[in-house]
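Working notes, structure below.
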Amino acid sequence: MSQSYKEIMNQITTFIFDVDGVLTDGKVHVTTSGEMLRIMSIKDGYALKTAVDAGYRVVVISGGSNDGVRTRLKNLGLFDIYLGTSNKVETFKEFIEENNILPKNCLFMGDDIPDYEVMQLVGLPTCPQDAVPEIKKISKYISHISGGAGCARDVIEQIMKVQGKWMKQFDAKYD
């Protein structure tokens, strides 16, 4: 019998996200100088930081490379940032081996074909509402929110609630 996604959420210790189409809406604004600008959700940012502060590993593995994205993620407290990655499976395997993490304890949120193989290796493959059909088919959880609009917040909040860690920082203040 396969586990429901809520049961799997109890096992998650590591969140792994793609950038374009997950932490952004997948669109790029190209300036006249050729710079590609992306827009990221503040709600996703809050959840990423909250997860880091609660002791989760939060990782980004993306084929895209952008200094602005790297700066934003570092400012949120992320250290495991792999941008410009041509082989997400190899990067994932190296990361979990170096950090002694089991694949079943990982969530990967992706939205398109370059995420397909690595998503098949994790305990909880997830995607935004607007992911391509092939990714939706292998996802155990599909957010009701599109990429760049808070889908990372959705899955982080759900997992932290299932594990009793969402808003935990306020419990002691108001008891």
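Results for (1) under 17 Å from the mean Cα position of the chain (by Cα); (2) of a type in the set (A, V, I, L, M, F, W, C), shown as yes or no for each residue.
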position	(1), (2)
Leu102	yes, yes
Gln120	yes, no
Gly123	yes, no
Lys137	no, no
Gly148	yes, no
Arg153	yes, no
Could you list, in sequence order, the residues of region 138-149 that are closer than 16 Å to Asp20 by Cβ and surrounded by fewer than 19 Cβ atoms within 10 Å (Cβ to Cβ)?
Ser146
Failed criterion for Asp67 (all others in (1) touching a residue at least 12 places away in the same chain (Cβ under 8 Å); (2) under 30 Å from Thr31 (Cα atoms); (3) among the acidic types (Asp, Glu) hold):
(1)
Looking at Gly63, Gly68, Gly55 in this structure, which one is surrounded by fewer than 21 Cβ atoms within 10 Å (Cβ to Cβ), over 21 Å from Ile8 (Cβ atoms) and out of contact with any strand residue (DSSP E or B) (no Cβ under 8 Å at 6 or more places or on another chain)?
Gly63
Please state which of the following conditions Phe108 fails to meet, knowing it meets all the rest: (1) part of a loop (DSSP other than H, G, I, E, B); (2) among the hydrophobic types (A, V, I, L, M, F, W, C); (3) at pLDDT 95 or above.
(1)
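Quick check on Ser41: is it out of contact with any Leu (no Cβ under 6 Å at 6 or more places or on another chain) and not acidic (Asp, Glu)? Can you show your working first?
Details: out of contact with any Leu (no Cβ under 6 Å at 6 or more places or on another chain): yes; not acidic (Asp, Glu): yes.
Yes: the conditions hold for Ser41.
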Could you list, in sequence order, all residues of region 150-171 that are surrounded by 14 or more Cβ atoms within 10 Å (Cβ to Cβ) and among the aliphatic types (A, V, I, L, M)?
Ala152, Val155, Ile156, Ile159, Met160, Val162
Out of (1) in contact (Cβ under 8 Å) with a residue 40 or more places away in the chain; (2) buried (at least 21 other Cβ atoms within 10 Å of the Cβ); (3) farther than 18 Å from Met40 by Cα, what's the single condition that is false for Ile135?
(1)
Being touching a residue at least 24 places away in the same chain (Cβ under 8 Å), among the β-branched types (Val, Ile, Thr) and in a loop (DSSP other than H, G, I, E, B): is that true of Thr85 here?
yes
If you take the residues of region 73-124 that are surrounded by fewer than 13 Cβ atoms within 10 Å (Cβ to Cβ) and among the small types (Gly, Ala, Ser), which of them is nearest to Ala54 (Cα to Cα)?
Gly84
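The rows are residues; the columns are (1) among the small types (Gly, Ala, Ser); (2) modelled with pLDDT under 95; (3) outside any loop (DSSP other than H, G, I, E, B).
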residue: Glu117; (1), (2), (3): no, no, yes
residue: Ile145; (1), (2), (3): no, no, no
residue: Arg153; (1), (2), (3): no, no, yes
residue: Ile156; (1), (2), (3): no, no, yes
residue: Gln169; (1), (2), (3): no, yes, yes
Can you find even one residue in region 90-104 that is in a strand (DSSP E or B) and farther than 22 Å from Lys27 by Cβ?
no
State the number of residues belonging to region 24-71 that are in a strand (DSSP E or B) and either at pLDDT 90 or above or at positive phi (or both).
7
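The values are calculated or read from the model by the stated rules, or taken from the named source; none is laboratory data. If you're wondering where the values come from, they're calculated on a predicted model, not measured in any experiment. So basically every Cβ, Gly included, is an ideal-geometry build from the backbone, and we count neighbours across all protein chains shown.
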